Structure formats: structure tokens, C-alpha cells
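Everything on this sheet refers to the single structure shown next.
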Amino acid sequence: MKIPLTKILDLYKVMILTRLAEEKHEALFHQKRLPVYTHLSLGQEAAGVGVSGLLKKDDYLFGTHRGMPEYLGKGMKLKNIFAEYGGRTTGLSKGKGGLHLCDAENGLLGLVGSLGSDFPFAVGVGISIRNRGTDQVVVKYFGEGTAEQADFHPCMNMMSLWKLPVIFACVNNRFTEYHPYRETTSTEHIGPRGAGYGIAWKTVEDGNDLVAVCEAMTEAIERARSGGGPTLIEFMTYRIAPHHTGDPCVYRKKEEVEIWKQKDPIQRCKAYLMKSGVLSEEMDKKIYQEAESEMEEAIQHLEKSPYPDPDEALKGVYA
Ligand SMILES: Cc1ncc(C[n+]2csc(CCOP(=O)(O)OP(=O)(O)O)c2C)c(N)n1
Ligand SMILES: [Mg+2]
């Protein structure tokens with residue numbers, strides 16, 4: 001399934017914005033200008049951007065705590081994300097959600113604090129799509145550690161039984177908080193679990209290849225839209241970043257991280273686009289400049305926006 005080069009170029013731009021925005025987020029956190037601490041997606045941007053970048057605006061996504069790539073890929077605006085992280089009135093949830101982003105306009109129905117508790121939400125949205133008879137799809141994106149949560153299993157069963165337009169997309173970044181994943185996960189791969197439930201599945205061994213991610217997602221999206229039912233896809237990658245700001249990463253060797261830095265998805269995508277003749281060094285420079293100015297605008301928007309009045313605290317608690 002060939003993905004148009006123009007689409008790959010668009011998503012390459014999103015990967016760059018993600019990288020710059022996350023690095024800036026971390027710097028702002030240390031300067032006490034952005035109080036929400038970070039879970040960076042450094043090194044695994046291709047999986048996140050590719051998972052959401054081919055969805056339509058009215059498709060749904062449940063993302064992760066390491067979510068900048070999939071949120072920007074789905075069409076969320078950086079300035080809205082920063083304003084929410086900063087707890088400002090101009091944020092998506094008027095500053096009350098913080099890390100837990102919600103952007104209904106772009107199909108993001110919320111990020112849960114208890115990992116995996118949104119597997120059933122995704123299945124519920126799948127039932128809603130089926131009942132309304134639209135061709136929308138819902139993607140639930142999660143880490144391999146989250147795949148060990150109990151709700152994963154009944155949800156796999158139900159979405160298969162009812163042939164729902166749900167895609168479970170797993171980013172296997174080889175770490176679950178402070179553990180290499182094989183200390184907490186009994187199998188090498190999450191993908192083959194699809195077979196146990198009669199669900200189409202795939203493990204993309206090179207989840208740092210944006211094109212491979214997009215090809216796998218295209219297949220799954222087409223299956224879901226055409227009534228072919230759910231898919232489980234796993235993308236193998238590596239979490240170059242610490243689990244969160246301040247994690248000393250004593251559970252892995254520095255040499256291993258260095259090896260993975262050589263597989264940087266952004267540099268690889270750049271090489272692919274240049275070889276394909278749709279990107280030049282000059283264009284690349286411009287892409288970085290545009291991303292920098294979008295980020296500067298987002299920071300200015302954040303810092304100009306007011307904090308909510310304390311009286312707002314109990315408003316909007318119930319819908
Ligand atoms: C139910 C639950 N248990 C534990 C946590 C704490 N926690 C936050 S992130 C994380 C790691 C999850 O690993 P994975 O799903 O592989 O995602 P990754 O952090 O690698 O992106 C954990 C255990 C939580 N938020 N919810
Ligand atoms: Mg993980």
C-alpha cells in the first residue's frame with residue numbers, strides 16, 4: 001500500500017514539531033514556566049505520528065501519557081496543548097485537565113490517569129459508530145506495559161465478536177516505567193495476541209520507519225472503515241527518553257541508548273524524503289524555522305493567558 005510522498009512529508013513536519021516542542025516543554029518545566037512534568041517520546045515519534053496522522057478529523061483517538069506525537073498528528077494545536085499543560089483558562093479543559101488532554105473537536109475524548117481504563121471506552125465508541133452507521137474508526141494507542149492491564153482482554157474479545165471499527169495500536173518501546181519490558185511482559189510481542197481473539201494482527205518490527213507505520217495503519221483503517229472489523233498492531237521501537245523528567249534510568253546501559261540514537265526516525269525519514277526528491281536541505285531548514293515559530297507562538301499564548309479564578313474549580317465537574 002503506497003503512501004503518497006506528500007503525506008509522508010506532512011507527517012515528517014509533525015515529527016519535527018513534536019521533537020522541538022517536547023525539548024522545549026522539558027526546558028520550560030525546569031524553568032518553572034510549565035508545571036506539568038514530561039514523558040517525552042524522543043526516538044519513538046514515527047509510531048505516534050503515523051498512528052494518528054492518517055485518521056480523519058471525525059475519527060477518534062485515545063492516546064498516551066507520552067502523547068505529543070499522536071496528538072499533533074491528529075490535528076491538535078500546540079498552543080492549545082501548552083495552554084492546558086500550563087493550567088490556563090485558554091487550555092482545552094480551561095486548565096483543569098493538565099496532562100490529561102481532551103479535545104472533542106479533534107476526536108480526542110480524554111486521557112485517563114489509570115492506564116488501560118480507556119480500553120472499554122474505545123470499544124464503547126466502536127459500538128456507537130456501529131449504531132450510528134458512519135464509516136468512522138477509533139484508535140486506542142497504548143504502551144506494551146498497558147497491554148498487561150486486565151481490561152485489554154475482554155475488550156479484545158468484544159471488539160472481535162461484534163466486528164467493531166476499533167484499532168488497538170501498541171507502541172512497544174521496550175520499557176514499562178522503570179523496567180525493561182521482558183521483566184513484566186511474558187511474551188516477546190503483543191501483536192500475536194490478536195490471533196487468540198480472531199483479530200487481524202501485525203507486529204511492525206521497524207516502528208522507527210514512518211512509512212512502514214503508515215502502511216500498517218492504512219491497512220487497519222481500511223479494514224475498519226469497510227466493515228472488516230478490528231485490528232491489533234504493535235510497533236517495535238525504543239524509548240530513548242527517560243520514563244519522565246528526573247528518572248535517572250539506572251535500569252539500562254548508556255551504550256544501548258546510543259545505539260538507538262542512530263536509528264532516529266526523524267533522520268531516517270529525512271534521508272528517505274531526500275532520496276525520493278521531495279525534500280532539499282533548504283526546505284528542511286525552512287521546516288525547522290516554521291516549527292520554531294509555531295512553538296514560540298504557543299509559548300507566548302501560554303504566558304499571556306490567565307490562570308482560572310478559584311471559583312471556577314467546581315464548575316464543569318458534571319456534564
Ligand atoms: C493502572 C496504572 N498503573 C500504573 C501507572 C503508573 N504508570 C504511569 S506510566 C507507566 C508505564 C507504562 O508503560 P507502557 O504502557 O509501556 O508505556 P510507556 O511509559 O512505555 O510509554 C506506569 C506504570 C498508571 N498510570 N496507571
Ligand atoms: Mg512501554
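Descriptive notes on the structure:
- Sorted by Cβ density within 10 Å, fewest first, the residues Lys79, Lys94: Lys94, Lys79
- Helices that extend 27 Å or more along their long axis by alpha-carbon positions and average at least 0.0 on the Kyte-Doolittle scale are, among the DSSP H runs of the chain, 5-30.
- Cβ-based exposure ranking for Glu205, Glu255, Glu45, in which fewest neighbours within 10 Å come first: Glu255, Glu205, Glu45
- Going from the residue with the fewest nearby Cβ atoms within 10 Å to the one with the most, Glu234, Glu219 rank Glu219, Glu234.
- Taking a sphere under 11 Å around the Cβ of Thr38 and counting the other residues whose Cβ falls inside, with K and R at +1 and D and E at -1, yields a net charge of -2.
- Contact order relative to length of the stretch 5-314, as percent, for alpha carbon pairs under 8 angstrom and 6 or more apart: 24 percent
- Note, ³J(HN,Hα) from phi for the stretch 135-140, Karplus 6.51, -1.76, 1.60, rounded to Hz, x at Gly and Pro: 9, 5, 10, 10, 10, 10
- Other residues with beta-carbon under 11 Å from the beta-carbon of Arg88 carry, at +1 per Lys or Arg and -1 per Asp or Glu, a net charge of +2.
- Cα gyration tensor category, rounded, prolate or oblate, for the chain with a/c compared to 1.5: rounded
- Principal axis extents of the Cα atoms in the stretch 1-131, from largest to smallest and rounded to whole angstrom, are 45, 34, 24.
- Taking Cβ atoms as reference points and 14 Å as the exclusive limit, the residues near Leu314 contribute a net charge of 0, counting Lys and Arg as +1 and Asp and Glu as -1.
- Amide hydrogen neighbours beyond the local backbone of Ile240, cut-off 5 Å, H modeled: Gln44
- Compared with the alpha-carbon gap, the fully stretched path from Thr187 to Val112 is longer by 24.4 nm at 0.36 nm per residue.
- Pairwise centroid distance, computed over Cα atoms, of the stretch 61-132 with the stretch 250-289, Å: 27 Å
- Cα-based shape type of the stretch 171-319, given that a ≥ b ≥ c are square roots of the gyration tensor eigenvalues and the cut on a/c is 1.5: rounded
- Three-way shape label, the stretch 36-110, alpha-carbon gyration tensor, a/c 1.5: oblate
Here, each number is a calculation from the coordinates, and none is a lab measurement. Being a predicted model, the structure only gives us computed values, none of them experimental. Here the Cβ is made from the backbone with ideal geometry for all residues, glycine too, and neighbour counts use every protein chain on show.
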